[in-house]
Amino acid sequence: MLGEYRIAGRRAAEISASIERAVGAGELEPGQLLPPIRELATGLGVNPNTVAAAYRILRERGVIETAGRRGSRVRPRPATTGRQEIRADAPAGVRDVADGNPDPALLPSLAKAFAAAGEQGDREPVLYGEAPVEPGLERLTRSHLDADGVPDGPLAVLSGSLDAIERVLAVHLKPGDTVAVEDPGWGSLLDLVPALGLRTAPVGLDDEGPVPDDVRRALEAGARALIVTDRAQNPTGASVTATRARALRAVLSEYPEALLIEDDHGNGIVDLPLHPLAGATHSWVFVRSVAKAYGPDLRLAVLTGDPVTLDRVRGRQRLGAGWVPRVLQRALLRLWTDGALDPAAVAAAYRGRRDLLIDALAERGVRAHGRSGLNVWIPVPDETGTVSRLLHAGWAVSAGARFRLNSPPGIRVTVATLTPEETGPLADAIASAVSPGPARSYV
């Protein structure tokens with residue numbers, strides 16, 4: 001059952017650590033069955049309750065999963081082996097179109113905004129007990145959310161989208177609960193959910209967002225939360241349309257107790273309108289981050305939602321980090337009010353790069369997706385072979401396995417810095433590597 005690996009330990013913490021080390025080192029593989037509790041307890045000379053406690057620790061850490069009489073096994077994507085490891089490094093001479101980063105040339109300068117925020121901090125130092133959200137930032141954010149049709153609610157500032165989502169899941173769900181997630185979807189999120197001891201229920205999507213029937217099936221099966229990317233979905237570029245939003249709202253109205261989390265990380269780089277689902281259930285949050293538009297190192301996201309959820313999140317934040325530094329918030333406010341970024345121009349630049357590649361691929365018989373954002377998603381029949389052949393041809397792309405649960409194979413190409421001169425050669429290389437057959441869908 002375990003090959004050559006021997007689990008060791010006398011206490012629950014020691015046994016769980018032994019198993020987790022083996023998973024991280026690859027000695028216990030994803031999907032591998034673990035010994036029954038009584039069998040392992042006999043082998044270790046400990047009480048079965050000790051092994052049961054060790055397995056419980058591992059479930060809550062997202063390392064293993066238990067399916068009743070079918071036993072416990074290592075998760076298909078255990079928390080100790082993150083999806084970021086599924087990548088093709090770009091050696092010297094290979095063009096990297098895999099990294100998912102924005103174009104540095106399209107990011108605004110931060111120097112003046114941070115200088116102004118620093119000077120304000122000198123004049124008005126932030127001390128313990130003061131408001132965690134910069135008042136001016138709160139007012140401006142609320143006006144933006146009002147204009148986008150996001151319902152009124154309390155506001156918090158967190159350290160990016162993933163930090164916000166983690167906090168919301170942690171205050172609402174318990175280990176073993178199920179979260180409906182987009183498939184293909186954001187690799188970091190697909191790592192985060194099991195790391196919290198939660199289960200994932202994959203939901204298919206097309207260019208207009210999550211498929212309503214898939215969402216209904218997941219909620220009918222007991223999923224307690226749904227996470228939706230409104231625009232610039234990673235990796236497919238999907239963007240929720242008005243028609244799809246109405247259909248999803250209709251489904252969610254049947255499950256008012258479900259937790260709804262919306263991620264709008266594409267704000268500032270997308271020229272498609274927002275069609276929020278916020279308010280479709282009793283418990284909801286809407287997260288808007290700035291990393292793609294203003295730079296990944298500006299770790300800020302604004303969060304609004306129902307009062308109970310926001311009270312829980314802010315309460316836990318007070319007990320930990322306390323608040324996101326107001327100097328960062330003041331710098332962001334300065335960037336917004338000074339017009340340091342031209343969202344329309346940035347969105348147009350990214351759209352032009354996506355469209356050039358998608359059109360070039362279509363001319364070569366390759367279907368691709370990318371309605372918004374920084375990436376283009378290309379369904380392929382042989383993911384590993386395609387990535388390998390492209391690397392040999394001088395192009396590093398992201399393997400779809402980093403983003404998939406049950407959806408068909410694909411590759412992700414980041415177009416953020418792709419030039420018109422590079423588009424044709426890249427499309428030629430992809431067409432050659434894919435050897436396309438009939439058109440495929442990622443739904």
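Please go through region 203-221 and give me each residue that is free of Cβ contacts under 8 Å to residues at least 40 places away in the same chain and either in a strand (DSSP E or B) or crowded, with 24+ Cβ neighbours inside 10 Å (or both), ordered by number.
Of everything in region 203-221, those that are free of Cβ contacts under 8 Å to residues at least 40 places away in the same chain and either in a strand (DSSP E or B) or crowded, with 24+ Cβ neighbours inside 10 Å (or both) turn out to be Val203, Gly209, Pro210, Val215.
May I ask you to say which residue of Arg316, Arg224 is touching a residue at least 12 places away in the same chain (Cβ under 8 Å), touching a strand residue (DSSP E or B) at 6+ places or on another chain (Cβ under 8 Å) and assigned by TED's automatic domain parsing to the domain that holds Asp152? It would help to see each step written out before you state the result.
Values: Arg316 fails: touching a strand residue (DSSP E or B) at 6+ places or on another chain (Cβ under 8 Å).
Matching residue, one of Arg316, Arg224: Arg224.
Only one residue in Val302, Val290, Val285 is within 26 Å of Gly400 (Cα to Cα) and crowded, with 22+ Cβ neighbours inside 10 Å, so which one is that? Quick ask: steps written out before the conclusion?
Working: Val302 fails: within 26 Å of Gly400 (Cα to Cα); Val285 fails: within 26 Å of Gly400 (Cα to Cα).
Selected residue: Val290, the only one of Val302, Val290, Val285 that is within 26 Å of Gly400 (Cα to Cα) and crowded, with 22+ Cβ neighbours inside 10 Å.
Matching residues to (1) modelled with pLDDT under 85; (2) surrounded by 13 or more Cβ atoms within 10 Å (Cβ to Cβ); (3) within 30 Å of Thr419 (Cβ to Cβ):
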{"site": "Ile7", "(1), (2), (3)": "no, yes, no"}
{"site": "Ala12", "(1), (2), (3)": "no, yes, no"}
{"site": "Asn49", "(1), (2), (3)": "no, no, no"}
{"site": "Arg69", "(1), (2), (3)": "yes, no, no"}
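Restricting to region 1-55, give me the number of residues that are within 30 Å of the chain's Cα centre (by Cα), closer than 20 Å to Arg69 by Cα and part of a helix (DSSP H, G or I).
Of the residues in region 1-55, 2 are within 30 Å of the chain's Cα centre (by Cα), closer than 20 Å to Arg69 by Cα and part of a helix (DSSP H, G or I).
Applying the selection to region 134-152, what residues are touching a helix residue (DSSP H, G or I) at 6+ places or on another chain (Cβ under 7 Å) and either basic (Lys, Arg) or surrounded by 20 or more Cβ atoms within 10 Å (Cβ to Cβ) (or both)? Quick ask: steps written out before the conclusion?
First, the residues of region 134-152 that are touching a helix residue (DSSP H, G or I) at 6+ places or on another chain (Cβ under 7 Å): 134, 136-137, 140.
Within region 134-152, Glu134, Leu137 meet the criteria.
Which condition does Leu333 not pass, out of (1) modelled with pLDDT of 95 or more; (2) under 24 Å from the mean Cα position of the chain (by Cα); (3) not basic (Lys, Arg), if it passes all the others?
Of everything listed in (1) modelled with pLDDT of 95 or more; (2) under 24 Å from the mean Cα position of the chain (by Cα); (3) not basic (Lys, Arg), Leu333 misses just condition (2).
Could you say whether any residue in region 224-241 is of a type in the set (Gly, Ala, Ser), surrounded by fewer than 24 Cβ atoms within 10 Å (Cβ to Cβ) and over 21 Å from Ala291 (Cβ atoms)?
Checked region 224-241: no residue is of a type in the set (Gly, Ala, Ser), surrounded by fewer than 24 Cβ atoms within 10 Å (Cβ to Cβ) and over 21 Å from Ala291 (Cβ atoms).
Hey, any hits in region 192-202 for a residue that's of a type in the set (Ser, Thr, Tyr) and part of a helix (DSSP H, G or I)?
Kept after step one, since they are of a type in the set (Ser, Thr, Tyr), are these residues of region 192-202: 200.
Add one more test, that the residue is part of a helix (DSSP H, G or I), and what stays is none.
No: region 192-202 contains no residue that is of a type in the set (Ser, Thr, Tyr) and part of a helix (DSSP H, G or I).
Report, by residue number, each residue of region 391-421 that is crowded, with 17+ Cβ neighbours inside 10 Å and either polar (S, T, N, Q) or assigned to a helix (DSSP H, G or I) (or both).
Leu391, Ser398, Gly400, Ala401, Arg402, Ser407, Thr414, Thr417
Any residue at all in region 189-201 that is touching a helix residue (DSSP H, G or I) at 6+ places or on another chain (Cβ under 6 Å), charged (D, E, K, R) and at pLDDT below 95?
Yes: region 189-201 contains one or more residues that are touching a helix residue (DSSP H, G or I) at 6+ places or on another chain (Cβ under 6 Å), charged (D, E, K, R) and at pLDDT below 95.
Residues Ser372, Ser388: which one is out of contact with any strand residue (DSSP E or B) (no Cβ under 9 Å at 6 or more places or on another chain) and crowded, with 22+ Cβ neighbours inside 10 Å? Give the derivation first.
Numbers: Ser388 fails: crowded, with 22+ Cβ neighbours inside 10 Å.
Just a single option satisfies the conditions, and that option is Ser372.
Just one of Asp342, Asp359, Asp382 is of a type outside the set (A, V, I, L, M), surrounded by fewer than 22 Cβ atoms within 10 Å (Cβ to Cβ), within 26 Å of the chain's Cα centre (by Cα) and more than 29 Å from Asp214 (Cα to Cα); which is it? Break it down stepwise before answering.
On the way: Asp359 fails: within 26 Å of the chain's Cα centre (by Cα); Asp382 fails: more than 29 Å from Asp214 (Cα to Cα).
Unique residue meeting the criteria: Asp342.
In region 315-331, what residues are among the small types (Gly, Ala, Ser) and touching a helix residue (DSSP H, G or I) at 6+ places or on another chain (Cβ under 7 Å)?
Here is the first cut: in region 315-331, the ones among the small types (Gly, Ala, Ser) are 315, 320-322, 331.
The one that is among the small types (Gly, Ala, Ser) and touching a helix residue (DSSP H, G or I) at 6+ places or on another chain (Cβ under 7 Å): Ala331.
The values are calculated or read from the model by the stated rules, or taken from the named source; none is laboratory data. Predicted, not measured: the structure shown is a model, and the values here were computed from it. Note that we place each Cβ from the backbone using ideal geometry, even for glycine, and neighbour counts take in every protein chain shown.
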